[in-house]
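So the structure is just underneath, and the comments pick up after that.
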Amino acid sequence: MNDGRYAEEGAPARVRRTFPGISPRAYEHPSDRSALVALRRLTGFDTVFKALSGMLPERSLRLLYLSDSVRVDEEQFPSLHVMAVDACRILDVERLPPLFVTQDPRPQAMCVGMDEPVIVLTTGLVELLDEEEMRAVIGHEVGHALSGHSVYRTILLFLTTMALKVAWIPLGGVAINALVAALREWFRKSELSADRAGLLVGQDLDASLRGLMKLAGGKHLSEMNTAAFLRQAEEYEAGGDLRDSVLKILNVLPRSHPFTTVRAAELHRWAATRDYQRLMDGHYPHREEDASAKIGESFRQSASAYAHDVRTSKDPLMRLVTDLAGEANSLTSKARSRLSGLSPRRPDKDDKPGPDESAH
């Protein structure tokens, strides 16, 4: 728990609940954890990770932002500084990550760094969002830092660049592209976790949803409607046939982030759960318990969440998978029943041989 030193630097516009000692397990999406486990089990990943840990030019990256961006502090972008300080206070992050604003018209934010996370916001994002929407974004990035996502994000950026450089070499980029694909699959899931962290910091679901809506449709908020935007997500998730299901997979593969409507729907659903309410009431896992947390329990939670998603999904491909699984289980049960009916009955000790049977 921090010692309150952030409080002197600025106060939020309204009082928000804090989460002393909160573990990132409290808000991490089950798919994030399961995808990270799958990533670490990928052949050769540990070797690449250890090699890149010493090779990545992290100092160069930090100097680049220091020399060609604006560092956020009490004197520069002070309103953003206050939001970052408040985000760290709410999530009980003891050390405020360095925060920079860089000139880029594209609305983006990222948290990178191997040893020390650095948060970067683009001018396009700063100009697009209002205060409460930006608070959720900064909370999102602080959530990435607390979960340790910045390490794998940095590797993803490095490998993506490397893949482009070796693309002309026959088979040279195959292994790298496989790692990039696996990292992207994990990072898309990690975004769902960070969206939850952003909601915990901002504690304003409407602001979080507005921010996602602006990322999709720009600043003309008066021309957009949150409920209609969520209906888009429902139509996307349920509509079409098997061809559309395949196209959805192909469309998302090259992306590092999930589609904005999907993120909005996921966050909206989580905010309505009992788990979220319990967390807001102060019931959540603590960091001091992380060392003793059972990996098997995380696996079970991830598997349970995935099974629930498949069962409740309206996507044609997921419905087909569910139907096939149900049919397979039905056939298995029928086969077992028939086999048990055909199996010879074990003779009872009191049975007597018939007239045509030998009593050997």
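Descriptive notes on the structure:
- Residue match in the range 129-138 (condition: touching a residue at least 12 places away in the same chain (Cβ under 8 Å), within 29 Å of residue 15 (Cβ to Cβ) and in contact with a Lys or Arg (Cβ under 7 Å, 6 or more places away or on another chain)): yes
- Residue 114 meets all of the listed conditions (1) hydrophobic (A, V, I, L, M, F, W, C); (2) at pLDDT 95 or above; (3) outside any helix (DSSP H, G or I) but one, namely (2).
- Residues in the range 71-114 that are acidic (Asp, Glu) and in contact with a Pro (Cβ under 7 Å, 6 or more places away or on another chain) were compared, and the one that is surrounded by the most Cβ atoms within 10 Å (Cβ to Cβ) is 86.
- Filter pass, residue 257 being under 24 Å from residue 28 (Cβ atoms) and part of a loop (DSSP other than H, G, I, E, B): yes
Yes/no per residue for (1) under 29 Å from residue 146 (Cα atoms); (2) at pLDDT 90 or above:
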position: 182; (1), (2): yes, no
position: 194; (1), (2): yes, yes
position: 197; (1), (2): yes, yes
position: 224; (1), (2): no, yes
position: 236; (1), (2): no, no
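- The sole residue among 267, 215, 279, 230 that is modelled with pLDDT of 95 or more and in contact with a Phe, Trp or Tyr (Cβ under 9 Å, 6 or more places away or on another chain) is 279.
- Here residue 95 meets the list (1) among the basic types (Lys, Arg); (2) under 29 Å from residue 26 (Cβ atoms); (3) assigned to a loop (DSSP other than H, G, I, E, B); (4) at pLDDT 95 or above almost entirely, failing just condition (4).
The values are calculated or read from the model by the stated rules, or taken from the named source; none is laboratory data. Treat the numbers as computed from the prediction; the structure is a model and nothing was measured. Every residue, glycine as well, gets a Cβ built from its backbone with ideal geometry; the counts of neighbours run over all protein chains shown.
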